[in-house]
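**Q** Structure provided below as structure tokens; questions to follow.
The values are calculated or read from the model by the stated rules, or taken from the named source; none is laboratory data. Just so it is clear, the model here is predicted, and its values are computed rather than measured. Reconstructed Cβ throughout: ideal geometry from the backbone, glycine too, with neighbour counts over all protein chains shown. Just so you know, the surface numbers come from the protein's heavy atoms only, side chains and all, with ligands and any DNA or RNA stripped out. Shrake-Rupley method; radii C 1.70, N 1.55, O 1.52, S 1.80 Å.
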Amino acid sequence: MSTATRFPHGSEACLKQAQAVILEGGILIYPTDTLYGFGVDPRNNSALERLSRLKGRGGPWSIAVPDEAMLRQYGEVSHESWKFIESHLPGKVTFVLRAKQSDLSPYVLAKNNTVGMRIPHHPFPVKLTAELRFPITST
């Protein structure tokens, strides 16, 4: 993996570099609604193992998604639940949902087959995950 490169976080160059890091199985440090998070491809076991070593703990890991469609792609949401979730998103709230059958690594899921999910308010992870067309971890 190459050394860190810094770009203004809203620039197109920054988004392209961030996509490359994620797609190559790297660990991305990115801005969130509160602090900075560590992002990896939640489908990539190798990247998740490196994240676990870096953080000093294993999963489960929360994921960030860009919108309602991807949230529903990875988590089960009833109509009644959506009304509550919608009132708190986007933002710094993580919802624990029953995971749908998906390409998420078992390292991301809790033992009861749930996954923590959020739709960030910060534009960087929203745009990144929308362009990747899959979530990233949100630690």
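**Q** Within the group Ala13, Ala69, Ala64, which residue is closer than 20 Å to Ala99 by Cβ and surrounded by fewer than 15 Cβ atoms within 10 Å (Cβ to Cβ)? Before the answer, list the steps.
**A** Numbers: Ala13 fails: closer than 20 Å to Ala99 by Cβ; Ala64 fails: surrounded by fewer than 15 Cβ atoms within 10 Å (Cβ to Cβ).
Just one listed residue meets the conditions, Ala69.
**Q** Would you be able to tell me the number of residues in the stretch 108-124 that are in contact with an Asp or Glu (Cβ under 9 Å, 6 or more places away or on another chain) and surrounded by 21 or more Cβ atoms within 10 Å (Cβ to Cβ)? Spell out the reasoning first.
**A** Residues of the stretch 108-124 in contact with an Asp or Glu (Cβ under 9 Å, 6 or more places away or on another chain): 118-122.
Now drop any that are not surrounded by 21 or more Cβ atoms within 10 Å (Cβ to Cβ), which leaves 118-120.
So the answer is 3.
**Q** Turning to a different aspect of this structure: Can you give me the number of residues within the stretch 93-103 that are under 18 Å from Asn44 (Cα atoms) and surrounded by 19 or more Cβ atoms within 10 Å (Cβ to Cβ)?
**A** If we filter the stretch 93-103 for residues that are under 18 Å from Asn44 (Cα atoms), which is where we start, we get 99-103.
Now drop any that are not surrounded by 19 or more Cβ atoms within 10 Å (Cβ to Cβ), which leaves 99.
Final tally of qualifying residues: 1.
**Q** Sticking with this one: Need pairs with beta-carbon distance below 8 Å; first residue in a helix (DSSP H, G or I) and within the stretch 35-48, second open to solvent by 60 Å² or more (accessible area, probe 1.4 Å); sequence gap 6+ or separate chains.
**A** So the pair list comes out as Asn45/Tyr107; Leu48/Tyr107.
**Q** Within the stretch 23-50, can you find the residues that are aliphatic (A, V, I, L, M), in contact with a strand residue (DSSP E or B) (Cβ under 6 Å, 6 or more places away or on another chain) and surrounded by 14 or more Cβ atoms within 10 Å (Cβ to Cβ)? Full working, then the answer.
**A** Initial filter on the stretch 23-50 (aliphatic (A, V, I, L, M)): 23, 27-29, 35, 40, 47-48.
Now drop any that are not in contact with a strand residue (DSSP E or B) (Cβ under 6 Å, 6 or more places away or on another chain), which leaves 27-29, 40.
Result: Ile27, Leu28, Val40.
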